[in-house]
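Here's the structure, in structure tokens; my notes come after.
The values are calculated or read from the model by the stated rules, or taken from the named source; none is laboratory data. Please read these numbers as outputs of a predicted model, since none were measured by experiment. All Cβ positions, even for glycine, are placed from backbone atoms using ideal geometry, and neighbour counts span all protein chains on display.
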Amino acid sequence: MIQMIGGEMPDWVEDRLPVGGALFEYIAGLVPAGARVLVAGPHDDGLIDALAARTRLTVLVRSQPRAIELDTRGLSVLCGTLAKVTDTDRYDIVVALDGVRRLCSVEGPQLDWVESLQSLHKTLRPGGTLLLAVENELGAHRLVDPSSATAAQGDGDWLPLGEFDTKPGNPTRLAERLVTEGLAVDWLGTLWPFPAAPTLIATPSALRNGPVDALAAATAGAVGRAYANREVLSDPRRLAAAAVRGGLGAELAAGWLVVAHRAPRPMATLNLPAVLFGDGPVVELAADETGTWVRRLVREDPDRETTAATGPLPAGRLLEELLLTACLRHDLPLVRRLLAGWMTALPRSAADNVVVHGDAYAVLDPTVPAQGDVLRQFAHTLLGGGYAHPWPAATDVATLTSLLHGAAGQPGVIADISPAEDEPLPDSRREHDEQLRALRRQVADAASRAQWFEREIERRDRELRKLRLQTAAFSGTVGFRAAKISYGVARKVRNRLRKGLS
């Protein structure tokens, strides 16, 4: 059933994908059965189906074609703008994982973030729970994005406020704003790599006090897969990992997911772990009684191998970061030791999915499928990222791959792989600029050498001309001619004496 509440957009189709993904669907599956739920904004069909199967669901959308589509599936739909929603009907749980940006229409008032939060607050029953996602305008995804958040990137951006909006800019201020509006925060997590489809959700406490190296590696891996073949200002993997290790993971996350309830006490409690990650199978990460961080598979994927997903989280630094550091320092002994240990222990796991602790090598995410020539992937990372390495003469992936195989103690036959099969990397402008700077340095060095050779040739030409002038000057004097005649006579006498003696 569709209820037109006012402000509906008859011919409007959202120009951006709805929010969704494995993690959001898993969280939706934790909603108590039988609860009265309002889903506000465009959400993925899988997420809506997961909620509709266990709750009394109502969906709020501004697009009339989308409302008609949901109605044909037997769902209760409110079609219109958020400003027209009244507090007549209240809900046990309000789900706004898309945030509040796409809840207002051009047919009604344009609410800012605080006003939208107040409108959602009114739809909650006393003790009702709000699931709200908030995009971070200063997140890593914004810092590497070539486009501006204050310029329209699509038809739906008729108010591209960007960082000038009224929404909070960090988790602390977000929690304070919710408390100010009468909502108590039950749980807050950071979203990586995108707020619309996260593959890693971690609480700020876990990022600060948990297994920092492993979480930095997991964050870098999630961001790297999301930005493969996408144009960025700089490599987001390095930025994300450095932010987590530097204690700024919560502040530079792509967004935040908050679970809050209206006073006096929550009617339903969502028990969310400290860390969730996965893009198909979902794995939760939490500390056990002994303080050891343990992985536990909470959602399976029939297309992925998940038998090794449960167990203690391996400690250590990401192998790719250690190798890049050793290459930048031209530390060949360390490079050889890391490559040899890697190929001996885990020859089918990529460097961005292996952690090293001492001499032990372990897989970070066991749900990632086995790879082909992982040394070729690392060679592609070295060259594509513009990193300095101990083999500057190797300017193509095939040559560098053969050198890496030799350094790893495996100089055998290397598989012939076309460049199209290489693992895609973020298309980083900064790394491109670094490659150009390196080429300019090489050209400048070659030009300097060429100029030195030219100066040396000119100097020797001057010396040669001087010698020729001296020779010409001496050859025209009487003394030179007399000496020449005397030398000729002496040579004839010598020759006759030799003949006589013989």
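Counting only residues that are buried (at least 19 other Cβ atoms within 10 Å of the Cβ) and within 24 Å of the chain's Cα centre (by Cα), which one in region 7-24 is farthest from M267 (Cα to Cα)? Per the criteria, the residue is P18.
Hey, does region 260-278 have a residue that's out of contact with any helix residue (DSSP H, G or I) (no Cβ under 8 Å at 6 or more places or on another chain), assigned to a strand (DSSP E or B) and surrounded by 15 or more Cβ atoms within 10 Å (Cβ to Cβ)? The answer is yes; a qualifying residue exists.
Counting only helices (runs of 4 or more DSSP H) that fall entirely inside region 128-231 and contain at least 3 residues that are under 29 Å from Y91 (Cβ atoms), the qualifying elements are 171-180. Pairs are defined by a Cβ separation below 7 Å, a sequence spacing of at least 6 or placement on different chains, a first member in region 305-323 that is surrounded by fewer than 18 Cβ atoms within 10 Å (Cβ to Cβ), and a second member that is of a type outside the set (V, I, T) and in a strand (DSSP E or B); the pairs so defined are T310/R295; T310/R296; T310/L297; G311/R295; A315/H357.
Could you look through region 232-242, keep only residues that are part of a helix (DSSP H, G or I) and touching a residue at least 40 places away in the same chain (Cβ under 8 Å), and pick out the one that is farthest from H357 (Cα to Cα)? The residue in question is P236.
Can you find a residue in region 117-131 that is without any contact (Cβ under 8 Å) to a residue 40 or more places away in the chain and under 29 Å from W192 (Cα atoms)? Can you show your working first?
At the first step, the residues of region 117-131 found to be without any contact (Cβ under 8 Å) to a residue 40 or more places away in the chain are 119, 122.
Keeping just the survivors that are under 29 Å from W192 (Cα atoms) gives 119.
Yes: region 117-131 contains one or more residues that are without any contact (Cβ under 8 Å) to a residue 40 or more places away in the chain and under 29 Å from W192 (Cα atoms).
Checking each residue in region 443-484 for being at pLDDT below 80 and either surrounded by 10 or more Cβ atoms within 10 Å (Cβ to Cβ) or touching a Cys at 6+ places or on another chain (Cβ under 6 Å) (or both) picks out Q470, T471, A473, F474, S475, T477, F480, R481, A482, A483, K484.
Selection of region 105-127 for residues being of a type in the set (D, E, K, R) and in a loop (DSSP other than H, G, I, E, B) yields E107, D112. For region 172-193, the set of residues classified as surrounded by fewer than 20 Cβ atoms within 10 Å (Cβ to Cβ) and touching a helix residue (DSSP H, G or I) at 6+ places or on another chain (Cβ under 8 Å) consists of R177, E181, G182, A184, V185, listed by residue number. Of note, T129 satisfies the criterion of being within 18 Å of A184 (Cα to Cα) and either among the polar types (S, T, N, Q) or not assigned by TED's automatic domain parsing to the domain that holds T269 (or both). Against the test of being out of contact with any Leu (no Cβ under 8 Å at 6 or more places or on another chain) and either assigned by TED's automatic domain parsing to the domain that holds V39 or within 26 Å of A50 (Cα to Cα) (or both), the options P109, P160 yield a single qualifying residue, P109. Kindly check whether there is at least one residue in region 111-120 that is within 23 Å of A253 (Cα to Cα), at pLDDT below 95 and among the aromatic types (F, W, Y). Yes, region 111-120 has at least one match.
Regarding R440, is this residue modelled with pLDDT of 75 or more, of a type outside the set (D, E), surrounded by 10 or more Cβ atoms within 10 Å (Cβ to Cβ) and within 30 Å of the chain's Cα centre (by Cα)? Before you say what the answer is, go through the steps one by one.
On the way: modelled with pLDDT of 75 or more: yes; of a type outside the set (D, E): yes; surrounded by 10 or more Cβ atoms within 10 Å (Cβ to Cβ): yes; within 30 Å of the chain's Cα centre (by Cα): yes.
Here the answer is yes, as R440 does meet what is asked.
The requirement of being aromatic (F, W, Y) and surrounded by fewer than 22 Cβ atoms within 10 Å (Cβ to Cβ) is fulfilled somewhere in region 283-299, by at least one residue. Within region 368-388, being buried (at least 22 other Cβ atoms within 10 Å of the Cβ) and either in the same structural domain as T219 (by TED's automatic domain parsing) or hydroxyl-bearing (S, T, Y) (or both) holds for one residue alone: T381. For the structure I just gave you, tell me whether P281 is in contact (Cβ under 8 Å) with a residue 40 or more places away in the chain and touching a strand residue (DSSP E or B) at 6+ places or on another chain (Cβ under 8 Å). So P281 fits the description; yes. What about L239, is it over 13 Å from the mean Cα position of the chain (by Cα) and hydrophobic (A, V, I, L, M, F, W, C)? Considered against the rule, which asks whether it is over 13 Å from the mean Cα position of the chain (by Cα) and hydrophobic (A, V, I, L, M, F, W, C), L239 comes out as no.
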